[in-house]
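Right, one structure below, let's go through it.
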Amino acid sequence: MKFNKWILLLTAMMLLSMGHSAEIYRWVDENGKVHYSDKPPKGAKKKAQQVIIDSTPEVAKKDTVARSASDRMAAANQWLSSTREKKEEKVAERDQAYQKKQQRIRDCKVLKRELKDFQNADVVYDYDENGERFYLSEQERDKLIHNIKQKMTQTCEE
């Protein structure tokens, strides 16, 4: 609400100042001296010339203010966009890190289950490329368990 009051006040002041623009007169006295005044000289032999004041500087000032305001607005929008992008990147990074962590947890659970299964099994077997079952020796089974434990130390570390 304060913002609207200020805008209204500034607009009213600008409109009032436009209506009261003063006339300026220029004349040269008997001694050749140039004078300026808002009233024509009394009893002057020569007629005073009315000076026309170009309002372009005022318009230029308004353009400059408007331009700088639009520049400020553009800079603010650019900053806002940049901030949003950075926030979205952080969210994406956090999401990716979370997904990686969840995958590691799933992989760790699978490795623990395999380790438990191989340790508790009396006989361990696998299938060859022809689909034929073959049995692992005790050394092959121990090597397989050792490899699973190594993978667990890499995957399951917290």
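What to note about this one:
- Condition broken by LYS61, with the remaining ones in (1) among the basic types (Lys, Arg); (2) within 36 Å of the chain's Cα centre (by Cα); (3) at pLDDT 85 or above satisfied: (3)
- Any chance GLU129 is in a helix (DSSP H, G or I), modelled with pLDDT of 90 or more and either over 55 Å from the mean Cα position of the chain (by Cα) or over 30 Å from ILE24 (Cβ atoms) (or both): no
- Flag if GLN139 is under 42 Å from the mean Cα position of the chain (by Cα), modelled with pLDDT of 90 or more, in a helix (DSSP H, G or I) and exposed (fewer than 11 other Cβ atoms within 10 Å of the Cβ): no
- In the stretch 111-126, the qualifying residues are those that are in a helix (DSSP H, G or I) and more than 51 Å from the chain's Cα centre (by Cα), and the one that is farthest from LYS100 (Cα to Cα) is ASN120.
- Listed by first and then second residue, the pairs linking a residue in the stretch 107-120 that is in contact (Cβ under 8 Å) with a residue 12 or more places away in the chain to a residue that is surrounded by 14 or more Cβ atoms within 10 Å (Cβ to Cβ) and of a type outside the set (A, V, I, L, M, F, W, C), with Cβ atoms under 6 Å apart and 6 or more places separating them unless they lie on different chains, are ASP107/THR155; CYS108/THR155; LEU111/LYS151.
- ASP122 vs. criteria of a type outside the set (Gly, Ala, Ser) and surrounded by 10 or more Cβ atoms within 10 Å (Cβ to Cβ): no
The values are calculated or read from the model by the stated rules, or taken from the named source; none is laboratory data. What you see is a predicted model; the values in this text were computed from it and never measured. Counting neighbours? That spans all protein chains shown, and the Cβs are built from the backbone with ideal geometry, glycine included.
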